[in-house]
Ligand SMILES: N[C@@H](CCC(=O)N[C@@H](CS)C(=O)NCC(=O)O)C(=O)O
């Protein structure tokens, strides 16, 4: 058997930890895949997405998905304890705990690890961490610790360890990220888990992770282009507004629609009393889409530190106005860049 894996991938590390906990390292050959290159044909023959971890029994025969693979390891004959527990009752309890770990612990931890320079997402995820640490302490009170599964690590430990290991490494560049309070069961668990040979021997180093951290700490290109855009006022706002509308006309809206007839330009240039600004109105089909739109809008504003004026009409229409008013009123490249990215994102909801 072969495991297609990557040292950098936390999902693959789950299975690599599972192999070591089960004592199956010698039985499964680990094949390192370069995630930046075209995936090998033997891998895509089994898993067309070419993602890791993927297990191969024979050419063209195997499957992927880290948690399914972890469970499969328990079906292989070996001396090590079962990751999901010895009885069907234990397996059931472990699966419920995995679900809870995923929402209560991994949700916030992954939210931090993958916040991509999104200031709102980072703040939201960070705010949930203290409760996530309390959840760990509560589970340990039931299992008896030092691991979530009890005396030895099990499937839930293997599934959270890679993300916690990366979180702790990330603190080297973001030292303000919270840790469990010293002396608490959660702090003891974290130390024990990361030191466990199955976890320590499969965890990447900071140097290995640094390029990925740099990539994940950065907002996507469309957001960076707003950050880079100049605040100097443009001399040709009519032309820029026309170019913006031409671009918008090439987009295919999903559920959020620009208001107006098909050929009406979305963004209009308005000569206000204090100076020019651009305005657009978006139609939202339901309350739910409006909440998504507001979340997206506020996150983009906070991350780029460029703010719109927006007004809701019920939960169905969102009016957005953009202009630059420091040091003087007018329209800048930043406004047009913001308008473009915002429209692209809203029409993708
Ligand atoms: N849900 C999958 C996620 C696997 C995954 O996202 N793997 C990433 C690397 S961390 C990957 O292979 N990405 C490359 C791709 O999808 O092309 C699992 O739990 O196994």
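Just so you know, all these numbers are worked out from the coordinates, no wet-lab data involved. Computed from a predicted model, the values in this text were never measured in an experiment. Virtual Cβ from ideal backbone geometry, glycine too; neighbours counted across all protein chains shown.
What to note about this one:
- Cα gyration tensor of the stretch 242-349 - equivalent ellipsoid semi-axes, whole Å, descending: 21, 16, 13
- For 209, 110, order by how many other beta-carbon atoms lie within 10 Å, fewest first: 110, 209
- Relative contact order of the chain, pairs being alpha-carbon contacts under 8 Å that are 6 or more residues apart, as %: 15
- Among 267, 135, 329, a tally of other beta-carbon atoms within 10 Å of each Cβ gives an order, fewest to most, of 329, 135, 267.
- Pair-distance distribution P(r) for the stretch 1-153, from all Cα-Cα distances in 10 Å bins starting at 0: 10, 32, 33, 21, 4 percent.
- The stretch 169-210-the stretch 272-315 distance, computed between alpha-carbon centres (Å): 39
- For the chain, the mean residue ellipticity at 222 nm estimated from helices alone is -15000 deg cm²/dmol, where every DSSP H run of n ≥ 4 contributes -39500 (n - 2.57) and the total is divided by all residues, rounded to the nearest 500.
- Going from the fewest other Cβ atoms within 10 Å to the most, the residues 74, 36, 319 appear in the order 36, 319, 74.
- Computed over the stretch 42-124, Kirkwood Rh from alpha-carbon pairs, angstrom: 15.4
- The stretch 14-82-the stretch 225-245 distance, computed between alpha-carbon centres (Å): 50
- Theoretical FRET efficiency, 1/(1+(r/R0)^6), r = Cβ-Cβ of residue 283 and residue 307, R0 22 Å, to 0.05: 0.45
- Shown is the FRET efficiency for residue 151 and residue 87, computed with R0 = 22 Å from the Cβ-Cβ distance and rounded to the nearest 0.05: 0.85.
- When each of the peptides 14-21, 86-93 is scored by how many other beta carbons lie within 10 Å of its residues on average, the order from highest to lowest is 14-21, 86-93.
- Share, in percent, of DSSP beta bridges within the chain that are antiparallel, nearest 5: 85
- The residue 195 and residue 36 beta-carbon pair, evaluated with R₀ = 35 Å, returns a calculated FRET efficiency of approximately 0.70.
- Peptides 254-263, 301-310 ranked from most to least packed give 301-310, 254-263, packing being the mean of other C-beta atoms within 10 angstrom over each peptide's residues.
- Extended-chain gain in nm, criterion 0.36 nm per residue less alpha-carbon gap, residue 116 and residue 172: 18.5 nm
- Å³ per residue enclosed by the Cα convex hull of the chain: 179
- Considering only beta bridges that DSSP places wholly inside the stretch 1-88, some 65 percent are antiparallel.
- Three-way shape label, the stretch 262-310, alpha-carbon gyration tensor, a/c 1.5: oblate
- Rounded, prolate or oblate (a/c below 1.5 giving rounded, otherwise prolate when a/b exceeds b/c) for the stretch 79-147 by Cα gyration tensor: prolate
- Extent along the principal axes, Cα only, for the stretch 138-228: 52, 26, 20 Å, with the longest axis given first.
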